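Everything below concerns the one structure shown next.
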Amino acid sequence: MPSSFIDRDFDNEEWNECKEPPVGKYIIGLALHIAGQGDTIEDLSRMKRWKFLKGHKWNVNEGRMPPEEPLYVARLTMALFGSLTCLLIYWIGRILWGVKAGIIASLLLAYNPLMLLCSKRAMTDAPLLFFMATTILLILYFYRFLLQQKYLRTVVFAFLIGITCGLATGTKLNGGLTGLIFICFCVLSPDYNIYIT
């Protein structure tokens, strides 16, 4: 699918076979391209998926283990997204409850075993969390400017929220929950009695 996407070959049968959102794959593909591993993308896209319910040895024997260099690039990319997500959580905590809360929130996330696992594996969970956290941060700024009656900035941030919701959903379908959070926020707070420092 990568080549059919880049070449805009939308008649290619690979588009009909795509059963999951592709944003995460293109993030990994871009990282591989930047790292000079772009020639491995086609081979990697044809590999069998890793089965987490099976052991490491079984996956290796079944040919599901990617080559070492592209795997390193993908894992490094996920670690970067995980680190950026922790920074975003710090910023969200700082906006809502102050610097100490931001530091505590980011440290709790950084040392969460599930977060550590997501940031070490060549999976798209770390970009998903990054885009979801970005959306939450943008929602806070959206409401700040709405309360200040700066409507042009409010519209700009609503547009940015739409983009990050799309990126989150395009990474994994459960990323669409951020859009639902934004809609609920708007519906449940019609008087905008929200204090954001």
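So here's what we get for this one:
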quantity	calculated
Subset tally (residues that are under 19 Å from residue 31 (Cβ atoms) and either of a type in the set (Phe, Trp, Tyr) or in contact (Cβ under 8 Å) with a residue 40 or more places away in the chain (or both)) for segment 43-69	3
From the options 175, 166, 162, 170, residue that is in contact with a Phe, Trp or Tyr (Cβ under 8 Å, 6 or more places away or on another chain) and either polar (S, T, N, Q) or in a helix (DSSP H, G or I) (or both)	175
Pair list, Cβ < 7 Å and 6+ apart or interchain, from segment 70-84 residues that are under 20 Å from residue 41 (Cβ atoms) to residues that are aromatic (Phe, Trp, Tyr) and in a helix (DSSP H, G or I)	81/130
Looking only at segment 90-124, and only at residues there that are charged (D, E, K, R) and surrounded by 13 or more Cβ atoms within 10 Å (Cβ to Cβ), the one that is nearest to residue 65 (Cα to Cα)	121
Residue in segment 62-74 that is more than 17 Å from the chain's Cα centre (by Cα), of a type in the set (Phe, Trp, Tyr) and at pLDDT below 80 present	no
Near pairs, Cβ below 6 angstrom, 6+ apart or cross-chain, from segment 163-190 (farther than 14 Å from residue 130 by Cβ) to any residue that is surrounded by 20 or more Cβ atoms within 10 Å (Cβ to Cβ) and modelled with pLDDT of 90 or more	176/169; 179/165; 182/139; 182/161
Test set (1) more than 19 Å from the chain's Cα centre (by Cα); (2) touching a residue at least 12 places away in the same chain (Cβ under 8 Å); (3) surrounded by fewer than 17 Cβ atoms within 10 Å (Cβ to Cβ) - residue 87 fails condition number	(1)
Considering residues of segment 15-38 that are modelled with pLDDT under 80 and more than 14 Å from the chain's Cα centre (by Cα) only, the residue nearest to residue 173 (Cα to Cα)	20
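Yes or no, residue by residue, for (1) touching a Ser or Thr at 6+ places or on another chain (Cβ under 9 Å); (2) of a type in the set (A, V, I, L, M); (3) modelled with pLDDT of 95 or more; (4) over 20 Å from residue 91 (Cα atoms):
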| position | (1), (2), (3), (4) |
| --- | --- |
| 134 | yes, no, yes, no |
| 140 | no, yes, no, no |
| 145 | yes, no, no, no |
| 154 | no, no, no, no |
| 170 | no, no, no, yes |
| 184 | no, no, no, yes |
| 187 | no, yes, no, yes |
| 192 | no, no, no, yes |
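The values are calculated or read from the model by the stated rules, or taken from the named source; none is laboratory data. Remember, predicted model here, so these are calculated numbers, not experimental data. Because the Cβ atoms are built from the backbone with ideal geometry, glycine has one as well, and the counts that use them run over all protein chains shown.
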